[in-house]
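One structure below.
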Amino acid sequence: MSSKEVLIDGIPFPAEITRTKPLALVGQGMTSVEIHFLQIKYNAIGIYMDKDVTQYLKNWEGKKRTELEEDDLFFAALFLAPVEKVFRIVVIKEIKGSQYGIQLVSAVRNQFAALDHCEEEEEEEALEKITNFFESIYLKKGSVITFNFAALPSTAEITLVTEGKGESKIQVENTNVVEKIQKWYLGGSIAVSRSTVKNLAAKFEEILSQ
């Protein structure tokens, strides 16, 4: 393993990813489920952000990880911060792409429903685009899904690299949908991965105490 890599559940992740500027690995974890006392792991997760995100987190300077972990306002500030972000998702347990796509789109729809928000035409088109993107793909072990979030305007590029298929990508340009995708991974109490939330809280306790 390179000194510039970090192992997340045995899977190497770069410690830094460069887009328009270097983005540091600030959070890691996995999605999993426990069945009959066995932990079934689905995906390893790496969260990368521009270090300038700290400008939007000054209210939480000096806070302990236990405080951050339970503070949904902190996580809202994190996913709403207008800085470049990358979410790197590596498949551990292979599934149909349509299953992942349904999970993602359902999570966005549930967030809209919680706000009593009926999807507008542009939002519906963005969700349909995501569904279609994952529809015919099989996510083998080691497949990599990457969400590249621009700082402003709030847009996302979703890239998929899977064995034997090369790279495919789509652009998601609806701001509300992009925000809800970020919230699925960074949303504190509603986030898809509790281990990632805990790790982000621990990392930002350190970052915000410097």
Fill in the blank from the handout: Taking the stretch 119-139 and keeping only residues that are over 16 Å from the mean Cα position of the chain (by Cα), open to solvent by less than 80 Å² (accessible area, probe 1.4 Å), under 16 Å from residue 96 (Cβ atoms) and of a type outside the set (Ser, Thr, Tyr), one is left with 133, 134, 137, 139
Problem - Lone unmet requirement of (1) open to solvent by less than 50 Å² (accessible area, probe 1.4 Å); (2) more than 19 Å from residue 117 (Cβ to Cβ) for residue 206 - result: (1)
Practice task
Just name the residue that is modelled with the lowest pLDDT out of those in the stretch 163-210 that are of a type outside the set (Asp, Glu), out of contact with any strand residue (DSSP E or B) (no Cβ under 8 Å at 6 or more places or on another chain) and in a loop (DSSP other than H, G, I, E, B).
Solution key: 164
Problem - Residue within the stretch 124-144 that is in a strand (DSSP E or B) and of a type in the set (Val, Ile, Thr) present - result: yes
Exercise for the section: Return yes or no: is residue 94 over 25 Å from residue 30 (Cβ atoms) and surrounded by 13 or more Cβ atoms within 10 Å (Cβ to Cβ)? Expected result: no
Practice task
Filter the stretch 99-118 for residues that are over 15 Å from residue 87 (Cβ atoms) and open to solvent by 30 Å² or more (accessible area, probe 1.4 Å) and give the result.
Solution key: 99, 102, 106, 109, 110, 113, 114, 115, 116, 117, 118
Problem - Qualifying residues in the stretch 162-190 (those that are touching a Gly at 6+ places or on another chain (Cβ under 9 Å) and either small (Gly, Ala, Ser) or farther than 23 Å from residue 109 by Cβ (or both)) - the one surrounded by the most Cβ atoms within 10 Å (Cβ to Cβ) - result: 162
Problem - Sole residue being out of contact with any Ser or Thr (no Cβ under 6 Å at 6 or more places or on another chain) and in contact (Cβ under 8 Å) with a residue 24 or more places away in the chain, chosen from 7, 104, 38, 25 - result: 104
Handout entry: Single condition residue 147 does not satisfy, out of (1) part of a strand (DSSP E or B); (2) within 15 Å of residue 192 (Cβ to Cβ); (3) open to solvent by 20 Å² or more (accessible area, probe 1.4 Å)
Key = (3)
Exercise for the section: Output the qualifying pairs, or none if there are none: Cβ atoms under 9 angstrom, residues six or more apart or on different chains, first residue in the stretch 61-85 and open to solvent by 80 Å² or more (accessible area, probe 1.4 Å), second residue of a type outside the set (Ser, Thr, Tyr) and not in a helix (DSSP H, G or I). Expected result: 61/208
Handout entry: Hey, residue 57 surrounded by 13 or more Cβ atoms within 10 Å (Cβ to Cβ), closer than 15 Å to residue 185 by Cβ, out of contact with any strand residue (DSSP E or B) (no Cβ under 6 Å at 6 or more places or on another chain) and not acidic (Asp, Glu) or not
Key = no
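The values are calculated or read from the model by the stated rules, or taken from the named source; none is laboratory data. Here the structure is a predicted model, which means the values were calculated and not measured. Here the Cβ is made from the backbone with ideal geometry for all residues, glycine too, and neighbour counts use every protein chain on show. Ligands, DNA and RNA are excluded from the accessible area calculation, which covers all protein heavy atoms including side chains. Shrake-Rupley method; radii C 1.70, N 1.55, O 1.52, S 1.80 Å.
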